[in-house]
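The values are calculated or read from the model by the stated rules, or taken from the named source; none is laboratory data. The shown structure was predicted, so the numbers you read here are calculated from the model rather than taken from an experiment. Quick reminder, even Gly has a Cβ in these numbers, built from the backbone with ideal geometry, and neighbours come from all protein chains shown. Surface areas here come from the heavy atoms of the whole protein model, side chains and all, with no ligands, DNA or RNA. Shrake-Rupley method; radii C 1.70, N 1.55, O 1.52, S 1.80 Å.
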Amino acid sequence: MNYEYEINRLKKSKFRREIGLNEDEIEIINEKGMEKIKEEAFEILARKIRVKLKNDGRQTPWRGHPVFPAMHATATCCRKCIKKWHNLTEEKKLTDEEIGVFSNLIFVWMSKTIH
């Protein structure tokens with residue numbers, strides 16, 4: 001995946017473009033470090049999007065961890081958004097490799113957002 005291309009494509013959506021990190025979330029990144037946040041992103045993504053959940057579209061909070069707004073900004077927040085923006089069917093169980101790609105996308109988005 002070309003992460004820069006994907007982020008620029010997502011920014012064409014006014015909704016996605018306006019999502020950012022608040023001071024508390026930036027502080028969490030500064031305290032834990034980006035590599036730890038990337039690991040946590042993988043774990044959160046695996047739990048929330050590996051398979052389509054019964055509450056798909058409502059399973060990802062907006063705040064509380066920097067990964068949450070990043071998931072919304074990168075359209076990795078639910079299987080409906082993944083289908084629309086990343087062209088993966090809602091029924092497909094995501095592999096660790098696919099989750100890793102989304103984790104990397106979140107990492108790149110966060111890096112661009114805080115710098």
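Would you say L105 is closer than 16 Å to L10 by Cβ and modelled with pLDDT of 95 or more? The answer is yes for L105. Pairs linking a residue in region 19-36 that is part of a helix (DSSP H, G or I) and among the hydrophobic types (A, V, I, L, M, F, W, C) to a residue that is open to solvent by less than 90 Å² (accessible area, probe 1.4 Å) and at pLDDT 95 or above, with Cβ atoms under 6 Å and 6 or more positions apart or on different chains, are I28/P66; I29/I37; I29/P66. In region 22-76, the qualifying residues are those that are surrounded by 18 or more Cβ atoms within 10 Å (Cβ to Cβ) and of a type in the set (D, E), and the one that is modelled with the highest pLDDT is E25. Within region 42-65, residues that are farther than 15 Å from E91 by Cα reach partners that are of a type in the set (F, W, Y) and part of a helix (DSSP H, G or I) with beta carbons closer than 9 Å, at six or more positions or on different chains, in the pairs F42/F102; I44/F68; L45/F102; T60/F68; P61/F68; W62/F68.
I'd like the full set of residues that are touching a residue at least 40 places away in the same chain (Cβ under 8 Å) and either more than 16 Å from R50 (Cα to Cα) or crowded, with 18+ Cβ neighbours inside 10 Å (or both), limited to region 87-100. L94, I99, listed by residue number.
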